[in-house]
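Since the structure comes first, as structure tokens, the remarks are kept for the end.
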Amino acid sequence: MVLDITQIGNPVLRENCQEVTVAELAKPEMQTFIDDLIETKRAANGAGIAAPQVGKPWRIFVVEVKDNPRYPYKPETELTICVNPEITFLTEERYLNFEGCLSIPDLRGKVPRCPHILVKAWDRNGQPFERQVKGITAGTFQHEDDHLNGIMFPDLADSRTFSTWAEFEQRYEADVREGVKDIVTKWGE
Ligand code: ZN
């Protein structure tokens, strides 16, 4: 079922989300919720979505990029469900990622992101996993993880980089495509 996406101003987006227990994760309602979260992300063409974006203050997000019309220049990445994630930065380096958010209509802005991270999380069955994530995809994981701590991308962006989607497409998208190629060449993904 496609769920309603909460919009900026809704207090759930500013909550410090709760960890999910193994017992909670095992409940059929929680498994249905995760299916709905994935379906909602796909219906909205998001690169990722976090539980508070559908009104639940739980530490769960999903990331997946495949044939994405919102971000046609982003490298593809397989569906990854992260429960109770922890992200560690593996380099001091930062790059500027031009971000948007399903919970913030018609705004994009440049956010400094770490291009090499370690993600430790549980999968939807409560099995722990670790994955190193690089480049543009690492930025997507950091954006979703921020949602679990009540942080939204404009909090981290220089407001002078803010742009509507139409202005972005007209003025910046071509440069961003080139910048993405450079990051992919340097970091992979
Ligand atoms: Zn977002």
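What follows is calculated from the coordinates using simple rules that are stated; it is not laboratory data. Predicted, not measured: the structure shown is a model, and the values here were computed from it. A quick note on method: Cβ atoms are made from the backbone with ideal geometry, for glycine too, and the neighbour counts reach across all protein chains shown.
Over all projection directions, the Cα-based convex hull of segment 21-70 averages an area of 3.5 nm². Calculated mean residue ellipticity, 222 nm, the chain: -8500 deg cm²/dmol, from DSSP H runs (n ≥ 4) at -39500 (n - 2.57) each, averaged per residue and rounded to 500.
DSSP beta bridges fully contained in segment 11-187 are about 95 percent antiparallel.
Take the alpha carbon atoms of segment 111-144, find their center, do the same for segment 54-78, and report the distance between the two centers in whole angstrom. Here the two parts' Cα centres lie 12 Å apart. Taking the fewest neighbouring Cβ atoms within 10 Å as the starting point, the ordered list for GLU78, GLU167 is GLU78, GLU167. Ranking of ARG108, ARG14 by neighbouring Cβ atoms within 10 Å, starting from the fewest: ARG14, ARG108.
In a reduced charge model with +1 at each Lys and Arg Cβ and -1 at each Asp and Glu Cβ, the chain shows a dipole moment near 200 debye about its Cα centre.
Do any trypsin sites (Lys or Arg not before Pro) in segment 28-102 lie in a DSSP loop with no more than 15 other beta carbon atoms within 10 Å, and if so, which? Listed in order of number, the matching sites are LYS66, ARG70, ARG94. Structure note, pairs LYS27/LYS120; LYS41/LYS181; LYS66/LYS110; LYS27/LYS134; LYS27/LYS181; LYS56/LYS181: Cα-Cα distances above 31 angstrom occur for LYS27/LYS134; LYS27/LYS181; LYS56/LYS181.
Ranking of THR137, THR164 by neighbouring Cβ atoms within 10 Å, starting from the fewest: THR164, THR137.
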